[in-house]
1. Among DSSP beta bridges lying fully in the chain, give the percent that are antiparallel, nearest 5.
2. With only alpha-carbon pairs counted, each pair once and no self-pairs, how large is the Kirkwood hydrodynamic radius of the range 1-45 in angstroms?
3. Taking Cα pairs under 8 Å and at least six residues apart, what relative contact order does the chain come out at, in percent?
4. Setting aside same-chain residues fewer than 8 positions from residue 52, which lysines have a Cα under 28 Å from its Cα?
5. Can you spot the aspartates and glutamates whose alpha carbon is less than 20 Å from residue 259's alpha carbon? Ignore those fewer than 8 places along the same chain.
6. Residues of the range 200-230 with the amide nitrogen closer than 18 Å to a label point 7 Å from the Cα of residue 106, along Cα-to-Cβ, please.
7. Convert each backbone phi in the range 267-284 into a coupling constant with the Karplus relation 6.51 cos²θ - 1.76 cosθ + 1.60 (shift: θ = phi - 60°), then list the ³J(HN,Hα) values in order as whole Hz, x for Gly and Pro.
8. Cut-off 10 angstrom, C-alpha nodes, Gaussian network model of the chain. Which of 125, 252, 91 fluctuates the most?
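Laboratory data are not the source of any read-out in this text; all were calculated from the coordinates shown. Just so you know, these numbers come straight off a predicted model, no measurement behind them. All Cβ positions, even for glycine, are placed from backbone atoms using ideal geometry, and neighbour counts span all protein chains on display.
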Amino acid sequence: MAEFTKEQLLERVNTNHGAEGNARVRAITERIVTDLFHTIDELDVTADEFWKSIAWLTRMGQTGQFGLLTAGLGFDRLLDIRQDEADQKAGRAGGTPRAIEGPLFVAGAPLSQHEVRLDEGEPEGEVFVMEGQVLDLEGQPVAGALIDVWHANTQGGYSHFFPGMKPYELRRRIQADAQGHYRFRSYLPPGYAIPPGSPIAELFTALGRHGNRPAHIHFLVAAPGLRTLTTQVNIPGDTYIDDDFAFATRDGLIVELEKNVAPVGYESLGVTAPFTRSRFNFVMQKAVNENEALPLTRMERVAG
Ligand code: DHB
Ligand code: FE
């Protein structure tokens with residue numbers, strides 16, 4: 001039979017002709033293709049509309065913007081909500097809330113013991129120190145915990161993605177001391193906006209949505225035997241704090257800012273005048289298996 005109805009075509013597309021394949025991939029693909037067939041039919045998607053969307057997806061891939069798409073359409077937060085639900089069912093409560101990783105992590109940032117300057121001695125904006133301890137759920141310090149921290153520059157750009165920035169600019173790794181203490185100096189980052197004129201911006205313009213994220217700082221915290229924590233904190237007072245394009249703002253992750261803190265004791269970070277400080281402890285759950293404690297980002301976990 002070479003002529004088929006739409007239904008017959010769908011059935012053929014979704015038929016596994018005796019080959020082994022991967023049952024999970026098959027089930028998910030079948031569902032997505034079926035839903036898309038129905039979308040095309042019910043919304044009467046034209047051939048031009050369809051091919052335009054394929055051309056757009058191609059440009060998305062070429063500009064490496066799929067990670068922005070998933071965040072902006074809520075999938076990153078959805079996965080966190082689902083993981084929170086699973087944790088609740090499993091009786092795994094407590095600790096610092098997880099938050100989205102975002103698509104802009106870069107592995108291999110310079111490593112320092114206990115403290116570091118992210119701003120590389122080129123002060124911009126408000127001098128900011130964030131400090132605290134890495135703790136377990138019992139409140140015990142996690143000696144030697146590894147903290148990856150990254151944030152945007154004054155123009156909302158991330159190094160390795162935004163032109164003109166130095167390698168690893170505003171990206172560092174800090175190994176906490178024996179008492180789990182860490183601290184770093186930087187400046188308060190501004191918000192972030194999706195790149196104008198990019199494929200992702202085209203979509204959000206068409207959707208009538210903005211592409212702004214409130215000011216935030218990303219963290220990946222890892223230590224042996226503990227569940228790797230991907231999170232981010234928000235700087236209070238940002239216009240978009242409750243209107244994040246990536247839906248990532250969470251209670252418990254909005255830091256408090258102490259203004260005009262005396263610089264005594266912060267000389268090693270080059271602080272000589274009153275500055276803005278935030279104290280924040282990272283509280284980590286126990287890992288229930290080795291996989292959970294791998295010091296990897298969400299993307300690195302699945303990299304081949
Ligand atoms: C996006 C940007 C971020 O800085 C982030 O943390 C998450 C998502 C984005 O452009 O999609
Ligand atoms: Fe970000």
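1. Roughly 65 percent of the beta bridges in the chain run antiparallel, per DSSP.
2. After inverting the mean inverse Cα-Cα distance, the result is 11.6 Å.
3. 20 percent
4. The qualifying lysines are 6.
5. Qualifying aspartates and glutamates at Cα under 20 Å: 119, 124, 126, 131, 238, 267.
6. Once the point is set 7 Å along Cα→Cβ of residue 106, 217-220 turn out to lie under 18 Å by backbone N, inside the range 200-230.
7. Each residue's phi maps through the Karplus curve to give 4, 5, 9, x, 8, 10, 9, x, 9, 9, 10, 9, 9, 8, 9, 9, 10, 10 Hz.
8. Looking only at 125, 252, 91, the biggest GNM fluctuation is shown by 91.
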